[in-house]
1. Given points 7 Å out from each Cα along the Cα-Cβ axis, report the residue A:19 to residue B:300 separation in nanometres with one decimal.
2. Quick one: Cα centre-to-centre distance for segment B:30-54 and segment A:27-84, in angstrom?
3. By the gyration tensor of its Cα atoms, with a ≥ b ≥ c the square roots of the eigenvalues, what is the shape of segment B:47-124: rounded for a/c under 1.5, prolate for a/b over b/c, or oblate?
4. Let me have the relative contact order for chain B, percent, based on Cα pairs under 8 Å that are six or more residues apart.
5. Let me know the shape class of segment B:62-207, please: from the alpha-carbon gyration tensor, a ≥ b ≥ c as square roots of the eigenvalues, rounded when a/c is under 1.5, otherwise prolate if a/b is greater than b/c, or oblate.
6. With a/c under 1.5 counting as rounded, go ahead and sort the protein assembly as shown into rounded, prolate or oblate using the C-alpha gyration tensor (a ≥ b ≥ c being the square roots of the eigenvalues; past the cut-off, prolate if a/b is larger than b/c, else oblate).
7. Any idea what the relative contact order of segment B:195-303 is, in percent, if you count C-alpha pairs under 8 Å spaced at least 6 apart?
8. Which value at 222 nm does chain B reach when only helices count, each DSSP H run of 4 or more adding -39,500 (n - 2.57), with the total divided by all residues and rounded to the nearest 500 deg cm²/dmol?
Amino acid sequence: MTAVQIIRVLPKDVVLPLHSGDSILAAIVRGGLKYLYGCRRGGCGVCKADLISGQVSYPVAVSDTVLTPEERADRVVLTCRAVPATDCTVQLRSQCRLTSPFLYDIAQRELVGSQDLKGAD
Amino acid sequence: MPVMRLGYVHVRVTDLDAAMNHYSNTLGMKVMHQEGGKVYLKSWDEQDHHSVVIEEGGVGLVKLGYKVTSSDDLAAFEKRIQQFGASTERMSSGENLKTGDGLRVVLPSEHVIELFTDMEYVGTETGTLNPDPWPRDSRGAAVHRLDHALVAADDPALVERFFSECLDFRPAERLVTDPSNPELIGTWMFCGQTPHDIAVIKGPNGKLHHFAYWLDDWNEILKAGDVFSMDDVSIDVGPTRHGITRGKTIYFFDPSGNRNEVFTGGYQTGPDFSTITWTADQVGKGIFYITRELNEAFTTVFT
């Protein structure tokens, strides 16, 4: 399946493909990277990040006690439950490490592949 | 007589349907009653009407319920708790579904615990007449019963003192900073013969670290892990073993992010048990005996 959307992850400044329905966390992990996250189910708040550009939605509801209305208005996102609706740039609040060059490679090839298709007219 | 056991855990969940699916289908609890945004669940080897209550809205702990033997015991505990200085109120029969009257206490750590004497008797799914060892139609991880809870407190020593002075709990294991000048980081306390019925670790007041269910052996732990994978359960750590309690374990999260545990093993405690001490420099081994490393989620995820 060709990715049509991308996510830019700061401050590491890498670009990864976004698969339909993936949360920000899922996209980052799929790309072979790791950062500080907790329950991965929207209850602990550990994986918060800041959305620099783009739009997200929460198909699975997140409690206001975990991500407050003020935070949402400030474009703070809960990365484990936030699903990008568009291309996104997200600024992580914790260190982001490349833990799987194998997965990262696959992700980058996917990006190149989708660019080739876009260019093929 | 001593406090009997952890009788119930009442937690908040963001999505009631997803939580019901987790506790009922994945863990194998039986839905006993549904009403007013709350679902009441029971494990197959428990006798009382329910042991877990999930309530729609938010995440985290509402309260813990500990069963005591009699009204006389309850009155005696009440006196001691009031002497300790914790705030108490009497709860009447029926305030909690199928539960008799009791005492509600706010701990120094802001957690609410309830002491109760009576809950409607339903019986185990195997029964008391020529029983099978387990129920033929058990589902998922088929958790046997509620075992213990671990909560966070800004001052674990004060909460330890509460459970000790008011309710005769004793510490099986304690985690301290430096034995020569020990600050208490964690305490695992029992009221019966198991390694712990309540545990407290340093962390934000009022928060829940996890509550745990009993399984019989390492095979059941592995099977639970397989079920968790089939059901896309978020895993924290495991299967592995704790240094503290010797227990074999998997930590995982419900769909709202509340941490659960399946647990087995340990040792026998009782009134004359000699407390075990762990020092902070060995905390990795204490929590996760085999890898001897703490993972970040274990110390940062509370709900």
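Just so it is clear, none of the values below were taken in a lab; they were calculated from the coordinates. All values derive from a computational prediction rather than experimental measurement. Cβ atoms come from the backbone with ideal geometry, glycine included; neighbour counts cover every protein chain shown.
1. Output for this residue pair reads 2.5 nm.
2. Value for the Cα centre distance between the two parts: 31 Å.
3. It comes out oblate by the Cα gyration axes.
4. 18
5. It is oblate, given that a/c is not under 1.5 and a/b is not larger than b/c.
6. Prolate.
7. Working: 166 pairs, mean separation 31.9, N = 109.
Reported relative contact order: 29 percent.
8. Computed mean residue ellipticity for chain B: -5000 deg cm²/dmol.
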